[in-house]
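Comments concern the structure below.
Since every read-out is calculated from the coordinates, none of them should be taken as a lab result. What you are looking at is a predicted structure, and each value in this text was computed from that prediction instead of being measured. Counting neighbours? That spans all protein chains shown, and the Cβs are built from the backbone with ideal geometry, glycine included.
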Amino acid sequence: MEVAIGHGLHALPWREPRPGAHAARAAAFYVWSQVEGGHGCPVSMTYAALPALRNQPELAARWEPLMTSLEYDPGLRPPSDKRGVLFGMAMTESQGGSDVRANTTRADAVDAGGPGGEYFLTGHKWFCSAPMCDAFLVLAQAPGGLSCFMLPRTLDDGERNRFHIQRLKDKLGNRSNASAEILLDGDVGEDVDHQWLLAQQPAKRAAVGCMMRRLRHRLAHERRRADDAIEARVVDHVDDRPHPSPLLADHQRPRAVEQDLG
Ligand SMILES: Cc1cc2nc3c(=O)[nH]c(=O)nc-3n(C[C@H](O)[C@H](O)[C@H](O)COP(=O)(O)OP(=O)(O)OC[C@H]3O[C@@H](n4cnc5c(N)ncnc54)[C@H](O)[C@@H]3O)c2cc1C
């Protein structure tokens, strides 16, 4: 986490906006995520969350300097006590899955509501990775329809928000990054609007890095395995050209996805 945050993999294009900044960050993330996959989740979620926050300039003014800081500062404390923060996302519900329109988590306005207004959030999220993050983007049904809310884990006065971790998933795949089921029991969140779709691209890039890492593990394993039958190592049959072997098909897939993302 220190290396990833220290090198701005969560924030570089927001800190230094210029042509090619997102491509440069994607390339760095792609390389680094092959070292360890799990920690890429909060790093890429933090990167993806910032445009949504900018929808509400007051929220962005408070959180952006911490989201783009190059200091990894773990631990749940009020944002005023932190040198850097991480963001997660709590979108998925069991009855909805990909179809977030079916979400039933409710947002009730504290006062007048509306963009930037405070809401109480009540509901259940089936998948919420990196639950140790400082704040989350949460989808919930507001009176005007589905909207996106920013939910801090710790409130300004130091009290914990009512974000209950019900259990951690016993999931197949990376274990270094926890994924949780959470209960929102009247949490206080602020409406940031509908920009949450921006999260899709960084998530795909994280997946591409993980695919390459898996392939490299597999190649390393094959390098150690002599293939007695043909007196050659399997890896000697792998190259970069189109090839019918399943191993190579795996090799081509991450590159194809990356090219597709542009
Ligand atoms: C390791 C891991 C971490 C996760 N972390 C988080 C997190 O931090 N926050 C969070 O909110 N969620 C998280 N999720 C949940 C994830 O976002 C959902 O799994 C995803 O949205 C898909 O929902 P689902 O699993 O219910 O699949 P479903 O929605 O049931 O989809 C099943 C299949 O149907 C396809 N499908 C669905 N709808 C359509 C359609 N309209 N047209 C064509 N095909 C369709 C899908 O592509 C998929 O192949 C995580 C999931 C995993 C596995």
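Taking Cα centre as origin and charging only the Cβ of basic (Lys, Arg, +1) and acidic (Asp, Glu, -1) residues, the dipole magnitude of the range 2-193 rounds to 620 debye. The modelled label-to-label distance between ARG162 and LEU76, using points 7 Å beyond Cα along the C-beta direction, is 1.5 nm.
Put in order of Cβ neighbour count within 10 Å, fewest first, the listed residues VAL138, VAL192 become VAL192, VAL138.
When SER179, SER94 are arranged by Cβ crowding within 10 Å, least crowded first, meaning fewest neighbours, the order is SER94, SER179. Rounded to two decimals, the Cα-based Rg/Rh of the range 20-176, with Kirkwood Rh, is 0.96. Let's test the formula: R0 of 41 Å, r as the Cβ-Cβ distance of ARG214 and ASP111. What FRET efficiency results, to the nearest 0.05? According to the calculation, E is roughly 0.25. The Cβ shell under 10 Å around GLU64 holds other residues with a net charge of +3, Lys and Arg each +1, Asp and Glu each -1.
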